[in-house]
Amino acid sequence: MAPYAHAAKRLLLAAGLTLALAACDSGSGSSDGGTAASGKAPAAGQSDASGGDTLAAARRAGTLRIGYANEAPYAYMDSKEARVTGESVEIARVVLKRMGVNEVEGVLTEFGSLIPGLQAKRFDIIAAGMYVTPTRCGQVAFSNPTYGVGEAFLVQKGNPKNLHSYEDVLKSDDARLGVVVGAIEGEYAEKLKIPSERVIVFPDAVSALSGVQAGRADAYAGTALTIADLMTKVTDQPVERADPFTDPVIEGADVRGYGAYAFRKEDQAFADAFNAELGKLIGSEEHRKLVEPFGFSQQELPGDVTAAKLCGAN
């Protein structure tokens, strides 16, 4: 009988050990998705095992990645301060801090790659002054706009080809129009039937400026604020702002672009929360002081224009 008694005792000990291990394992499955055990919260934009959203992950991490293109005054790297700044970035900093996210990390991206980069989770918000358009509304969720602005041309000194509108470029036999890859100006040129071989695509605004200086393009089309900012940096260069300038008319309407923040479609709740805080800021004295150094004034306020209106059927 002794061997059977010993065997029974061993079975009871094994069963007790199994129950103890099971109890320990169930205790580690905490509501933070296991982050308590590791001491680290999931980075914003990464999978959150507890099912939390991007905002929740950013709050735990204390930081959030923003995608930007190098285009002043909206978003650019300040080499002196070694930090990303600009109208879009500084507004995002204020809004996100109110939401419990104290730091932002800039991820420099070509403008045309911003939406793919957002969707691939390289960053979590596009903060680049991106215009809200129906096409883009099908790809991302937009906040309400922070500004509205018209267009402008940067041309060689004296404007030798007399280019004061997109229509002037179209009527010319050989005028070449510079645009930034993925920017709305390329779409304007296409809709106005400017031949594609006369549309020169640059990676960013600084490259477009160099292209005009070198004669690769006869005009660079950008927002009025972009061109105004470039002109503050090239006072000794053989370029100027085309004056006067007439905004293009697309599908019977004068063009005025409205820039906003973009979020992934699945982050609609994050976009809504951001939008609620953004609405408290835009038009306030704090907002005016925040964006004035970047050349923004009362004239650029978006008024009652919303993302829903700009997205239309989308």
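The values are calculated or read from the model by the stated rules, or taken from the named source; none is laboratory data. The shown structure was predicted, so the numbers you read here are calculated from the model rather than taken from an experiment. Methodologically, a virtual Cβ is constructed for each residue, glycine included, from the backbone with ideal geometry; neighbour enumeration extends over all protein chains shown. Heads up: the accessible areas ignore ligands, DNA and RNA and are worked out on the full protein's heavy atoms, side chains in. Shrake-Rupley method; radii C 1.70, N 1.55, O 1.52, S 1.80 Å.
Using a probe of 1.4 angstrom and keeping all protein chains present, the accessible surface of the range 242-312 works out to 53 square angstrom per residue. Taken about its Cα centre, the range 115-176 carries a charge dipole of about 240 debye when Lys and Arg each add +1 at the Cβ and Asp and Glu each add -1 at the Cβ. A Cβ-based charge dipole, computed about the Cα centre of the range 214-282 with Lys and Arg at +1 and Asp and Glu at -1, lands at about 160 debye. Charges were assigned to the Cβ only: +1 to each Lys and Arg, -1 to each Asp and Glu. The resulting dipole of the range 124-246 about its Cα centre is roughly 80 debye.
Our analysis of the range 131-281 gives Rg over Rh at 1.02, with the two radii drawn from alpha carbon positions and Rh computed by the Kirkwood formula. Look at the alpha carbon pairs under 8 Å that are at least 6 residues apart: their mean separation over the length of the range 119-228 gives a relative contact order of 33 percent.
Between rounded, prolate and oblate, where does the range 179-235 land on the alpha carbon gyration tensor, with a ≥ b ≥ c its root eigenvalues, rounded for a/c under 1.5, else prolate if a/b exceeds b/c? Cα axes put the range 179-235 in the prolate bin. In nm, what is the difference between 0.36 nm times the number of residues separating Leu192 and Arg216 and their Cα-Cα distance? My answer for the length gained is 6.5 nm.
Here the calculated FRET efficiency for Asp272 and Thr235, from their Cβ-Cβ distance with R0 = 45 Å, stands at 0.55, rounded to the nearest 0.05.
Beyond 32 Å in Cα-Cα separation lie the following of the pairs Lys289/Lys309; Lys80/Lys193; Lys171/Lys289; Lys233/Lys265: Lys80/Lys193; Lys171/Lys289; Lys233/Lys265. In terms of the Cα gyration tensor, with a ≥ b ≥ c the square roots of its eigenvalues, is the range 237-311 rounded because a/c is under 1.5, prolate because a/b exceeds b/c, or oblate? Note, shape of the range 237-311 comes out oblate. How much of the accessible area of the range 206-314, in percent, comes from carbon and sulfur atoms when a 1.4 Å probe is used? Ligands and nucleic acids excluded, carbon and sulfur reach 50 percent. Straightening the chain between Thr246 and Ser113 buys 45.0 nm, computed as 0.36 nm per residue apart minus the Cα-Cα spacing. Based on the Cβ-Cβ distance of Arg98 and Lys171, what FRET efficiency does E = 1/(1 + (r/R0)^6) give at R0 = 51 Å, to the nearest 0.05? In this case the efficiency is close to 0.55. Relative contact order of the range 164-209, taken over Cα pairs closer than 8 Å and 6 or more residues apart, is 43 percent. Considering only alpha-carbon pairs that sit under 8 angstrom and 6 or more positions apart, the relative contact order computed for the range 51-111 is 43 percent.
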